[in-house]
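Below you will find the structure I want to go over with you.
The values are calculated or read from the model by the stated rules, or taken from the named source; none is laboratory data. Not measured: the values here are computed from a predicted model. Heads up, the Cβs are rebuilt from the backbone with ideal geometry, glycines too, and the neighbour counts pull from every protein chain shown. Keep in mind that these areas ignore ligands, DNA and RNA; they rest on the heavy atoms of the full protein, side chains included. Shrake-Rupley method; radii C 1.70, N 1.55, O 1.52, S 1.80 Å.
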Amino acid sequence: MTNKPMIKASGLHKRFGHNEVLKGVSLEMSKGEVIAVIGPSGSGKSTFLRCLNHLETIDAGRIEIEGDVLADTDAGGQARYAPEAEVRRICRRMGMVFQHFNLFPHMTVLQNIIEAPITVKGMSRDAIIPKAEALLAKVGLSAKRDAYPARLSGGQKQRVAIARALAMEPDIMLFDEPTSALDPELTGEVLRTMRQLAEEHMTMLVVTHEMGFAREVANRVIFMDQGEIVEERPAAEFFASPAHPRSRAFLDNML
Amino acid sequence: MDYILRILPQLIDGAGITIQVFLITLVLAVPLGLALALGRISRWPAVSVAVNGYIWLMRGTPLMLQMLFIYFALPFVPGIGIRLPDFPAAIVAFVLNYAAYFAEIFRAGIQSIDRGQYEGAKVLGLTYAQTMRRIVLPQMIRRILPPVSNETITLVKDTSLIYVLAMNDLLRAARGIVQRDFTTSPFVVAAAFYLLMTLLLTWGFQYLEKRYAAHDE
Ligand SMILES: Nc1ncnc2c1ncn2[C@@H]1O[C@H](COP(=O)(O)OP(=O)(O)OP(=O)(O)O)[C@@H](O)[C@H]1O
Ligand SMILES: [Mg+2]
């Protein structure tokens with residue numbers, strides 16, 4: 001059980017109309033790993049992440065989460081998904097943090113965090129509130145417990161979004177450019193929170209343009225371009241000497 | 001002044017009918033409209049096409065025609081042939097008609113909610129029904145309050161259409177007295193009643209808008 005990969009994706013294909021966005025993407029991720037996904041705009045990074053937790057459906061390929069099959073290709077080459085309840089059960093093990101936070105604006109910070117544990121897991125308020133408060137303390141926002149999202153800065157919103165995802169006790173956290181919508185001076189507080197999560201051995205798949213974060217926190221880097229994984233190496237190696245000309249060109253551009 | 005006090009009881013009786021039609025229509029048309037709105041955005045094409053056709057029919061023909069049809073023509077429609085008394089006939093027509101208008105308001109409200117809200121809910125494990133109930137509808141309500149307020153005020157005045165079914169609503173009561181006493185002051189009193197009702201509604205909706213606005217700053 002422990003050495004089953006957390007995520008095992010093989011040969012993912014995805015197209016939007018005639019636009020082939022994923023052309024056979026594969027990834028294996030083990031427990032506690034932090035992987036940074038980088039690459040130029042439009043290369044399919046978000047789509048890849050969103051396919052893993054069923055926000056998009058794949059056309060072909062196989063996705064396994066902790067050994068459970070979410071989707072697989074049938075004999076006709078078409079992806080088939082597990083029954084709906086099973087899909088829901090599997091996807092619940094993955095938390096996700098979005099570029100634009102997607103907090104619920106009609107709920108306070110605390111309500112945002114306890115909503116899913118109560119509605120989805122059926123937890124009692126008494127059981128979840130202390131946990132939610134502990135999570136808020138962890139992301140440094142205890143003082144904002146009863147504020148509405150409209151009152152928060154972007155960095156604070158994103159930290160609430162992280163706490164909200166963690167309240168469901170996911171085994172894997174997916175991040176899609178969590179700092180890209182933030183003013184530069186606010187990215188630090190979010191990256192600190194993520195770094196702390198990584199130190200606690202959370203399994204994290206992070207699409208990011210923050211090369212510093214990728215270099216220092218990620219174990220592995222995946223470089224995507226035009227719907228394919230062009231290069232996949234330990235972070236230190238990748239940044240020291242990117243092998244593929246396209247990764248090199250991309251890094252030169254970034255730094 | 002004495003005269004007005006004298007005709008007041010009759011007018012109040014009429015206002016009673018008007019208020020009944022108004023309240024019953026509102027209480028029934030809002031949930032039906034919500035159901036229609038959900039049907040309209042349903043992923044089953046058959047459902048959304050059927051609801052679309054219904055809304056087109058109800059908004060595309062006069063309410064008065066619909067009321068006359070239900071009261072006078074429905075008894076003769078083969079296979080249906082229900083004869084409704086005037087009050088229920090009026091209510092059925094109003095509910096069916098207003099539900100169509102509410103449905104369009106609700107649909108626009110639901111569709112104005114950002115896709116990110118659905119995705120945020122989905123990745124937390126909420127089902128579609130939970131997402132609607134907990135996330136989408138509460139946000140939708142705030143946005144649709146102004147158009148719903150409009151529609152509700154229109155309903156107050158539309159209730160006077162039951163006049164054609166010879167029911168003694170506020171307007172008909174006023175007209176009866178006008179014809180009897182050769183004075184137009186009952187119309188003025190009736191107008192005052194309508195104005196009072198719409199004023200109360202306006203205040204009510206203003207209060208709701210304020211309450212629901214609490215969370216954006
Ligand atoms: N819902 C959609 N419908 C149609 N096309 C889409 C959709 N989502 C993404 N695409 C297209 O898929 C391609 C890959 O998009 P994706 O968002 O995955 O790229 P990305 O690597 O995340 O880029 P960025 O760095 O700009 O976020 C793009 O060409 C995009 O236009
Ligand atoms: Mg993206």
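Each label point is 7 Å from the Cα along the Cα-to-Cβ direction; what then is the distance between the points at B:LYS157 and B:ASP13, in nm?
With each label point 7 Å from Cα toward Cβ, the separation is 2.8 nm.
Is it possible to state the helix-based mean residue ellipticity at 222 nm for chain B, with each DSSP H run of 4+ residues giving -39500 (n - 2.57), the sum divided by total residues, to the nearest 500 deg cm²/dmol? What is it?
Roughly -25000 deg cm²/dmol at 222 nm, from the helical runs in chain B.
I've got another one for you. Treat each spin label as a single point 7 Å out from the Cα along the C-beta direction, and report the B:LEU57 to A:LEU251 distance in nm.
Each label point lies 7 Å from its Cα, and together they span 6.8 nm.
Let me ask another. Rounded to the nearest 5, what % of the DSSP beta bridges within chain A are antiparallel ones?
60
Averaged over peptide A:99-107, how many Cβ atoms belonging to another chain are found within 10 Å of each residue's Cβ?
Numbers: counts 1, 4, 2, 11, 3, 10, 8, 12, 5.
Going residue by residue through A:99-107 and averaging, the value is 6.
Using only the Cα atoms of segment B:2-216, build the gyration tensor, take square roots of its eigenvalues as a ≥ b ≥ c, and label the shape rounded, prolate or oblate: rounded if a/c is under 1.5, else prolate if a/b is larger than b/c, else oblate. Present the calculation step by step, with values, prior to reporting the outcome.
Values: a/c = 3.51, a/b = 1.57, b/c = 2.23.
In terms of gyration-tensor shape, oblate.
Please compute the per residue accessible area over segment B:141-217 with all protein chains in place, 1.4 Å probe, rounded to a whole number of Å².
55
Using r as the Cβ-Cβ distance of B:LEU201 and A:ALA240, and R0 as 56 Å, what FRET efficiency do you calculate, to the nearest 0.05?
Calculated transfer efficiency: 0.20.
Here's another thing I want to ask about it. Would you mind telling me the share, in percent, of accessible area of chain B contributed by carbon and sulfur at probe 1.4 angstrom? Present the calculation step by step, with values, prior to reporting the outcome.
On the way: 7650 of 11360 Å².
The nonpolar share, carbon plus sulfur, comes to 67 percent.
Compute accessible area for segment B:111-130 by itself and then with all protein chains, 1.4 Å probe, and report residues whose area falls by 40 Å² or more.
By number: B:GLN117, B:GLU119, B:LYS122, B:VAL123, B:LEU124, B:GLY125, B:LEU126.
First measure r as the distance between the Cβ atoms of B:ILE41 and B:THR127, then evaluate 1/(1 + (r/R0)^6) with R0 = 22 Å and state the FRET efficiency to the nearest 0.05.
Result of the calculation: an efficiency of 0.85.
Grab the DSSP H runs of chain A that are 4 residues or longer, score each as -39,500 (n - 2.57), total them, divide by all residues and round the 222 nm result to the nearest 500 deg cm²/dmol.
-11000 deg cm²/dmol
A:LYS31: which lysines have alpha carbons under 19 Å from its alpha carbon, excluding same-chain residues fewer than 8 sequence positions away?
The qualifying lysines are A:LYS4, A:LYS8.
If you count the DSSP beta bridges with both ends in the protein assembly as shown, what percent of them are antiparallel, to the nearest 5? Display every interim value, and only then the final one.
Values: 25 of 42 bridges.
Counting only bridges with both partners in the protein assembly as shown, antiparallel ones make up about 60 percent.
Could you give the nm distance between label points at B:THR184 and A:GLN226, where each point is 7 Å from its Cα heading toward the beta carbon?
8.1
Hey, got the dipole for chain B? About the Cα centre, +1 on K and R Cβ, -1 on D and E Cβ, debye to the nearest 20?
Values: 18 positive and 13 negative charges, 103 e Å.
Dipole about the Cα centre, nearest 20: 500 debye.
When Rg is the radius of gyration of the Cα atoms in chain A and Rh is its Kirkwood radius, what does Rg/Rh come to?
A ratio of 0.97.
Give the distance, in whole Å, between the Cα centre of segment A:220-254 and the Cα centre of segment A:16-60.
16
Continuing with this model, one more query. Go through B:THR131, B:THR61 and list them by solvent-accessible area, largest first, probe radius 1.4 Å.
Descending accessible area places them as B:THR61, B:THR131.
What quantity of accessible surface, computed with a 1.4 Å probe and excluding non-protein components, is buried in total between chains B and A, in Å² to the nearest 100?
That pair hides around 2100 Å² of surface in total.
Let me ask something else about it. In chain A, if the dipole is taken from +1 on Lys/Arg beta carbons and -1 on Asp/Glu beta carbons about the Cα centre, which of A:VAL217, A:VAL97, A:SER247 is farthest to the positive end?
Comparing the listed Cα positions along the dipole, A:VAL97 ranks first.
At 0.36 nm per residue, minus the direct Cα-Cα distance, what do B:ARG115 and B:ASN168 gain on full extension? Give it in nm, one decimal, please.
Stretched out fully, the B:ARG115 to B:ASN168 stretch lengthens by 14.2 nm.
Please report the spacing between the Cα centers of segment B:1-52 and segment B:146-217 in Å, no decimals.
12
Next up: Which of the peptides B:171-184, A:65-78, A:167-180 is most tightly packed, and how do the rest follow, going by the mean number of other Cβ atoms within 10 Å of each residue?
Working: B:171-184: 16.2, A:65-78: 14.6, A:167-180: 20.9.
In decreasing order of mean packing, B:171-184, A:65-78, A:167-180 become A:167-180, B:171-184, A:65-78.
Quote the convex hull volume per residue of the protein assembly as shown, based on C-alpha atoms, as a whole number of Å³.
Looking at the protein assembly as shown, the number lands at 206 Å³ per residue.
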